[in-house]
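Note sheet for the following structure.
The values are calculated or read from the model by the stated rules, or taken from the named source; none is laboratory data. Here the structure is a predicted model, which is why all the values come from computation and not from measurement. Ideal geometry is used to build each Cβ from the backbone, glycine not excepted, and the neighbour counts take in all protein chains shown.
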Amino acid sequence: MNELEIGRAKRARQVFAFDDVAVVPSRRTRDPRDVSVSWSIDAFQFDTPIIAAPMDSVVSPETAIQMGRLGGLGVLDLEGVWTRYEDAEEVLAEIRQLPHDTATERMQELYSEPIKPELITQRLEQIRAAGVPVAGSLSPQRTQEFHETVIGAGVDLFVIRGTTVSAEHVSKNVEPLNLKKFIYELDVPVIVGGAATYTAALHLMRTGAAGVLVGFGGGAASTTRTSLGIHAPMATAVADVAGARRDYLDESGGRYVHVIADGGLNTSGDIVKAIACGADAVMLGTALARAEEAPGGGWHWGAEAHHAELPRGHRVEVGTIASLEQVLFGPSRTSDGRANLVGALRRSMATTGYSDLKEFQRVEVVVGSFRR
């Protein structure tokens, strides 16, 4: 490990973001039409390794259905406006129109509305009726309260997602979620995160999770680094968690846990580098919030933006560039990597000579001064 001396009393490990790394072509190239970008987790097979993040500005029941029909997975935030309000569209329209200086305060008020179990059931049943995989997300704090409702509604994949999720949460005030016991008792695959280190990911894998989300406050709408001073450059984080996956595979006698990059993925190049560093799939927020169908209508925010006590994010304007199908599959009308995300991944794999995602994880990666 490369360590740097900050001062006599503190040393730090040198780490890298996606902007610091690049993939390198090999001796072989392929026809992009011969490249497979399919991905599977548990019994579910997807045509693309793209997961739409459980954020109100990204996923509605309708966009979750469309993501499923396009070969990806849309995860509905079960603590968002869709489970708090019967008419969620009206609330989303208000959030889009809020003045900048009052947006955070008003969002705190809007998200103080109680979650309604019957709306959880209704929204998930709407997605299931369309015949696509059903996935919903809760924070660790809400999982114990609403997981029976979620499972009863019939999810195929359950996501426990927070800024960070640990297998060893300590509290003197409340009984923490026992992840290992909880996952063991469920009948569906569980994806948990975020995690940003080898040790944290290894402990989550030992709980029986089917997948681990890698990331910590790295999205465009997050101010975690500014508010809490915590950040995890994603190239290193993904590679560290991929190392935990490799070691857990040996430790468990062959159990494979999927690594899903979640944060800092703004362009198609970032997706390419996430998989090159060891990710099996990516969870996208900002990149999909730019789609015409996105419920944010050109605005993007996460749960951190309306935290009742310490907001660690904000509503940001990301604009609208194309339909969801064009964002994923093109044709792209821009050259900045914001559209045709899957096409760019396929072409990068073909250019470097790899035929599927597992092979592409072995591509050579270099570090340099690539930031513009």
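Residue by residue, here is whether (1) under 17 Å from the mean Cα position of the chain (by Cα); (2) of a type in the set (Phe, Trp, Tyr); (3) within 15 Å of Arg123 (Cβ to Cβ) holds:
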| residue | (1), (2), (3) |
| --- | --- |
| Ala12 | no, no, no |
| Asp20 | no, no, no |
| Arg28 | no, no, no |
| Asp31 | no, no, no |
| Trp39 | yes, yes, no |
| Phe46 | yes, yes, no |
| Ala52 | yes, no, yes |
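Considering only residues that are in a strand (DSSP E or B) and buried (at least 24 other Cβ atoms within 10 Å of the Cβ), look in the range 247-265 and name the one that is nearest to the chain's Cα centre (by Cα).
Only one residue tops the list, namely Asp262.
Phe216 is checked against (1) part of a loop (DSSP other than H, G, I, E, B); (2) modelled with pLDDT of 80 or more; (3) among the aromatic types (Phe, Trp, Tyr) and fails just one. What number does that condition carry?
So Phe216 meets the others, but not (2).
Which residue pairs have Cβ atoms under 6 Å apart, sit 6 or more places apart or on different chains, and have a first residue in the range 247-271 that is of a type in the set (D, E, K, R) and a second that is buried (at least 17 other Cβ atoms within 10 Å of the Cβ) and assigned to a helix (DSSP H, G or I)?
Asp270/Phe18
Residues in the range 342-370 that are within 24 Å of the chain's Cα centre (by Cα), within 16 Å of Val21 (Cβ to Cβ), outside any loop (DSSP other than H, G, I, E, B) and of a type in the set (Val, Ile, Thr): how many?
Total satisfying the criteria: 1.
Being out of contact with any strand residue (DSSP E or B) (no Cβ under 9 Å at 6 or more places or on another chain), modelled with pLDDT under 95 and either assigned to a helix (DSSP H, G or I) or under 17 Å from Met55 (Cα atoms) (or both) narrows it down to one residue among Gln141, Gln126; which is it?
Being out of contact with any strand residue (DSSP E or B) (no Cβ under 9 Å at 6 or more places or on another chain), modelled with pLDDT under 95 and either assigned to a helix (DSSP H, G or I) or under 17 Å from Met55 (Cα atoms) (or both) holds for just one of Gln141, Gln126, which is Gln141.
Working carefully through the options Ala305, Ala339, find the one that is more than 26 Å from Ser36 (Cβ to Cβ) and either within 20 Å of the chain's Cα centre (by Cα) or in a helix (DSSP H, G or I) (or both).
Just one listed residue meets the conditions, Ala305.
Is there any pair linking a residue in the range 139-157 that is on the phi > 0 side of the Ramachandran plot to one that is crowded, with 18+ Cβ neighbours inside 10 Å, with Cβ under 9 Å and at least six apart or on different chains, and which?
Gly154/Leu124; Gly154/Val134
Return yes or no: is Val59 at pLDDT 95 or above, under 16 Å from Gly296 (Cα atoms) and surrounded by 22 or more Cβ atoms within 10 Å (Cβ to Cβ)?
Yes, satisfied.
Just need a number here: residues in the range 334-372 that are touching a strand residue (DSSP E or B) at 6+ places or on another chain (Cβ under 8 Å) and of a type outside the set (D, E, K, R).
Looking only at that region, the number is 12.
From the list Arg27, Arg69, Arg96, which one is touching a Phe, Trp or Tyr at 6+ places or on another chain (Cβ under 9 Å), surrounded by fewer than 19 Cβ atoms within 10 Å (Cβ to Cβ) and in contact (Cβ under 8 Å) with a residue 40 or more places away in the chain?
Of Arg27, Arg69, Arg96, the one residue that is touching a Phe, Trp or Tyr at 6+ places or on another chain (Cβ under 9 Å), surrounded by fewer than 19 Cβ atoms within 10 Å (Cβ to Cβ) and in contact (Cβ under 8 Å) with a residue 40 or more places away in the chain is Arg96.
Quick one: count up the residues across the range 145-179 that are modelled with pLDDT of 85 or more, over 16 Å from Ile127 (Cβ atoms) and not acidic (Asp, Glu).
Selection size over the range 145-179: 4.
Might you let me know whether the range 298-321 holds any residue that is farther than 22 Å from Thr104 by Cβ and in contact (Cβ under 8 Å) with a residue 60 or more places away in the chain?
No, every residue in the range 298-321 fails to be farther than 22 Å from Thr104 by Cβ and in contact (Cβ under 8 Å) with a residue 60 or more places away in the chain.
Looking at Leu73, is it under 18 Å from the mean Cα position of the chain (by Cα) and over 22 Å from Leu265 (Cα atoms)?
So Leu73 fails the test.
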